Amino acid sequence: MITRRQMTQKLYYDDAYQQEFQAQVLERVTVSNGLGLILDQTCFYPTSGGQPHDQGTLNGIPVSDVFEREDDGAVVHVLGGKVEGPVLSTVEGPALNKGETVQGQIDWKRRFDHMQQHTGQHILSQAFLRLLDAETVGFHLSAEASTIDVDKAPLETAQLDEVEKLANTVVFADRPVRTYFVDQDRMRDLALRKQPMVTGPIRIVEVEGFDFSPCGGTHVKAAGEVGPIVITKSERRGSETRVEFLCGGRALAHYHRQRRIVGELANQFSVGDWELVEAVNRLAEEAKRHRKELNALKDQLLDYEATRLWAEAEERGGLRIVRAVLSEGDGGTLKGLAQRLAKKEACIALLGLKGDTALLVFARSADLPHDMSALLKKACQIVGGGGGGRPDMAQGGGSVGDRLEEALEFALEALRGTYQ
Ligand SMILES: [Zn+2]
């Protein structure tokens, strides 16, 4: 709501810097999250236009939520925190009844932060409009970041840099920020960035000579107070772009965080921060090379291990059966070994990996007739699990790791039966 004639006099319209006030209780209302008070005047800004509500106290009692009542625009102050149940009993005390006077105090740190972000948004939105002809179609201010949605996509980094630069030029020039009400006739003479959502006298926020917007929020009195404006992220959303930005104290906190991260990394690499990207790239290249070398060594080791197992395996009727239990490695090691053994002539591999659970891989040379999948399924029942695969290669497992040897022995016996 932007009109002036309302039940609660909105002190933040006339002076966004007023932090304390006295008011009379006009009405007590029960709301879902507690008791609500309606006062004859207030400094508490209710959630609206993308700006979150103020916090603070009324007679020392925390105000947890502030909103405008839909039908008459009265400002409702919710007391006692967002708790379920009978909040009434805790606040049904002196000096909060109808007609009584209350002392209000807003959380200034929170409010000023909102004023910085909100005024910064006006400036940034106008910069987008001037440089890229991109209109702001959405604004959201949260505890961590502020975003605007502009109706243009995609946007290049260089374009965002230009917008950021123009916005900060306005800040450095410290242009005054004024708010005033105008009627419909006067409004037509102003180059408004967007059209008002309400009729009647309209509250205009002007960043002198730069931006004219209808707005009911709270703003700083000069652009310099916004502090630095930085764009931290942009994300394409169809034909729009969501732009994340930070102003003033938030921009400074962001800078401190980045500086700490960069400083710690530069320390770890023992380089200057300007050499950091190169150092990280070097490390990534090195890791890639090491991974390659490691894989080659693993391959060599598996080749060697397969040859050893094959040589040590018993040979009967021209068939070699390799039965082995590994205590180290993973499914990949087991499979790699089985594949190598299956490439040898007339060979069957019955391999297991011992751990809390049992892992089994059975494989055979392509020229043999045995069905590894059927054999593995039966063996896996012994370790309390299952598995499957092709006739020449199958894998599975079970949760009873202790019975792995038994499962392999069963498979070996079953195979002996086929050639004895
Ligand atoms: Zn505004």
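Scanning segment 41-56 for residues that are within 16 Å of the ligand (Cβ to nearest atom) and in a strand (DSSP E or B) turns up Ser48, Gln51. Within segment 389-420, being closer than 10 Å to Leu360 by Cα and out of contact with any Phe, Trp or Tyr (no Cβ under 6 Å at 6 or more places or on another chain) holds for Gln395, Gly396, Gly397, Gly398, Leu404, Ala407, Leu408. In summary, strands (runs of 3 or more DSSP E) completely within segment 97-169 and bearing 1 or more residues that are within 16 Å of the ligand (Cβ to nearest atom) and at pLDDT 95 or above occur at 136-141, 146-150. If you go through segment 379-402 and pick out every residue that is surrounded by fewer than 17 Cβ atoms within 10 Å (Cβ to Cβ) and under 16 Å from Val325 (Cβ atoms), you end up with 2.
Which residue pairs have Cβ atoms under 6 Å apart, sit 6 or more places apart or on different chains, and have a first residue in segment 218-240 that is closer than 23 Å to Gln258 by Cα and a second that is of a type in the set (D, E, K, R) and not in a strand (DSSP E or B)? Here the result reads Ile231/Glu164, each pair linking segment 218-240 to a residue that is of a type in the set (D, E, K, R) and not in a strand (DSSP E or B). Of all the residues in segment 367-378, those that are in a helix (DSSP H, G or I) and surrounded by fewer than 20 Cβ atoms within 10 Å (Cβ to Cβ) number 4.
A search for C-beta distances below 9 Å between a residue of segment 183-205 that is within 18 Å of Glu135 (Cβ to Cβ) and any residue that is β-branched (Val, Ile, Thr) and outside any strand (DSSP E or B), counting only pairs 6+ apart in sequence or on different chains, returns Pro196/Ile2; Met197/Ile2; Val205/Thr119. Taken over segment 223-235, the criterion of being over 12 Å from Leu160 (Cα atoms), in contact with a strand residue (DSSP E or B) (Cβ under 8 Å, 6 or more places away or on another chain) and either aromatic (Phe, Trp, Tyr) or away from the ligand (no atom under 15 Å from the Cβ) (or both) is satisfied by Gly227, Pro228. Among the numbered conditions (1) farther than 17 Å from Gly138 by Cα; (2) in a strand (DSSP E or B); (3) at pLDDT 95 or above; (4) within 16 Å of the ligand (Cβ to nearest atom), the only one that Val220 does not meet is (2).
Do you know which of the residues in segment 170-217 that are in a loop (DSSP other than H, G, I, E, B) and away from the ligand (no atom under 16 Å from the Cβ) is surrounded by the fewest Cβ atoms within 10 Å (Cβ to Cβ)? Out of the qualifying residues, it is Ala191.
The values are calculated or read from the model by the stated rules, or taken from the named source; none is laboratory data. Quantities reported herein were computed from a predicted structural model and do not represent experimental measurements. Methodologically, a virtual Cβ is constructed for each residue, glycine included, from the backbone with ideal geometry; neighbour enumeration extends over all protein chains shown.
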